1. Can you bin every Cα-Cα distance in region B:92-140 into 10 Å intervals starting at zero and give me the percent of pairs per bin, rounded to whole numbers?
2. Magnitude of the Cβ-charge dipole of region A:69-160, K/R +1 and D/E -1, about the Cα centre, nearest 20 debye?
3. Sum up the charges of everything whose Cβ sits under 14 Å from the Cβ of A:LEU214, counting Lys and Arg as +1 and Asp and Glu as -1, but leave A:LEU214 out.
4. Region A:186-272: percent of C-alpha pairs farther apart than 22 Å?
5. Evaluate E = 1/(1 + (r/R0)^6) for B:ARG76 and A:PHE45, where r is the Cβ-Cβ distance and R0 equals 22 Å; express this FRET efficiency to the nearest 0.05.
6. Rank B:TRP103, B:TYR59, B:VAL89 by how far each Cα sits towards the positive end of the charge dipole of region B:56-189 (+1 on Lys, Arg Cβ; -1 on Asp, Glu Cβ) and give me just the farthest.
7. Cut-off 19 Å, label point 7 angstrom out along Cα-to-Cβ of B:GLU120: give me the residues of region B:233-266 whose amide nitrogen falls inside.
8. How far apart, in nanometres, would the label points at A:HIS173 and A:TYR267 be if each is projected 7 angstrom from Cα along the Cα-to-Cβ direction?
Amino acid sequence: MIIRNLISIGFLLVALVSSGQGNFSKEYQFVQHLQNINSYNEGLFYIQKIWSSYKSLTQRDTLNYLKGKIYYDQHDLEHSIESFSGVSASSLDIYEQSIFYQSIQNAYLRKFDLTETLLKNTEFSTSLRNEVKVFELASNYLLKRELDDFDELSGDFTFNYYQLEDYERDMIHLSKNIRDHKTKSPFVAGLLSAVIPGTGRYYQGKIGQGTLGLASNAIFALQALEAYRKDGVKSPRFIIFSGAFAVFYISNIWGSAVSVRINEMRYNEDVDEAILINMHLPIRLLFD
Amino acid sequence: MKQYLLICICLSGFYSIKAQNHADSLFASEDYLNAAVEYERLAFEEKKDIASLLLKKAYCYKAIGDYREAFRTVDRISSVQNDSLNEIVSYEKVILAALSEEWAKAEYGLLMWDLKIKKENTALEQVRFLSLISLGKINEAKTHLRQNFSKLGINSVEANQFFRKKWKLKNPEKAYNLSLILPGLGQMYAGKFWKGAFSGTVQLGIIGFTGYHLYHGYFFTGGMTGAALFYTFYLGGARYARQLAEQYNEQLKSTIKQKFLAIPKK
């Protein structure tokens, strides 16, 4: 993969030098150097500075590509996408890379439709890149939870490329995980907690939280009972503790119902994070 | 504080840049970011005088007050053959680390200075004192001040009178443990007497509440509400005492540094 990148850079440099653009190849290498030493602001400043000196389409494509990469390293996704989108299709290699960088960053920004459009509208020059395209498109469907579309596309995974093979298997594993995931009902959780406080959390597999809910309700109930027996129903002590019990009891029911939603949200966030990392790594490995 | 430090010790350290190339001209015309990039380009393309070019680049960032970037640049200089340049680079590594408030790196720079350059320098001795204070080494700072007052540019009377007896750092873990032994004591140790007294009184009140209810046969109320409240306030109070001790230390370090910088230097 490193060799592939070096060949790619080599081709670019040879092309630049052979077309009488030796100075530009120096500029290219210098901006890459600034990027390598994490001097991103200097890189952007320098590109801005030399922008008007290099007006050919290839040069502007290269400068846009470099800008996109610097913004990408700075995690400035919007500017990175904007810069990558300035690379024209005539600069085949960096154009294709730019499409992949745009698509993954759009996925991170949850602009899944843009990711899909970009990938679908591009036919890549190598079979590996086309396999990456299929993989990214399928993963994008998984992010949208369109499982049937994922299944259809993942059927085209060849597992023939070592750069992708593991990620393809992981993505299929993730899709099975999503399919097997059972969504809990907030109503059932609330109802269970109303019958026996804390059991709504047990239903969600939260044993510790359930026990804590059960214990706190029991503590207030016992204190209210104690006050009732010793001081009667009209005593301030009974009113305070029975009031506290009522607050805890109702809060527990409400909390059990809400926590189902929160857990579901967290599950989706974790799965999305895993999908995005799996989508991102092959692009980094191939083009960084 | 940072500006003060700069005025006191750093302005004397600027390397004179004679206009030998386009980058120098940009520096002279105070176009510092442009100059910084030009110095980097020269270092990258010509592959010679790299130390000198990176030092000049660091001065660009120093001039615009971006001390972290200046330090990052000068820290990239690994070997310098020229002795006088090596001295300037070593000096700047310490000064820029201090201006970036990277005190551990400043201390490392001083160690390198002592090992390689072995020269007296008033500004660096002042940074050494500030580093020791910032890293919480108050006793070492005290010894350094008393033994090296002339190197620090101050007279012996001021050096001997500088440290107050009450300038002692508090141990945050000690504050925590003291509050566990006797609620409120840790806050008092951290210098907040009334906060400690209040915390102690509240927890005494909770104990009273618990005891009263248990005595009158309210076993659930005393045993559960009383114990839960006491447990919460007891641990919370101890954690707060630790936090107060940490705040006290930061405040004390800042006070000592400001008083030190305010002493007129020779």
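1. Result returned by the calculation: 30, 59, 11.
2. Dipole magnitude for region A:69-160 comes out near 180 debye.
3. Surrounding charge for A:LEU214 is +2.
4. Of all Cα-Cα pairs in region A:186-272, 36 percent lie more than 22 Å apart.
5. For B:ARG76 and A:PHE45, the calculated efficiency is 0.75.
6. In region B:56-189, that residue is B:TRP103.
7. B:264-266
8. Label-label distance for A:HIS173 and A:TYR267, simple model: 1.9 nm.
Here, each number is a calculation from the coordinates, and none is a lab measurement. In this text the structure is predicted, and so the values were computed from the model without any measurement. All Cβ positions, even for glycine, are placed from backbone atoms using ideal geometry, and neighbour counts span all protein chains on display.
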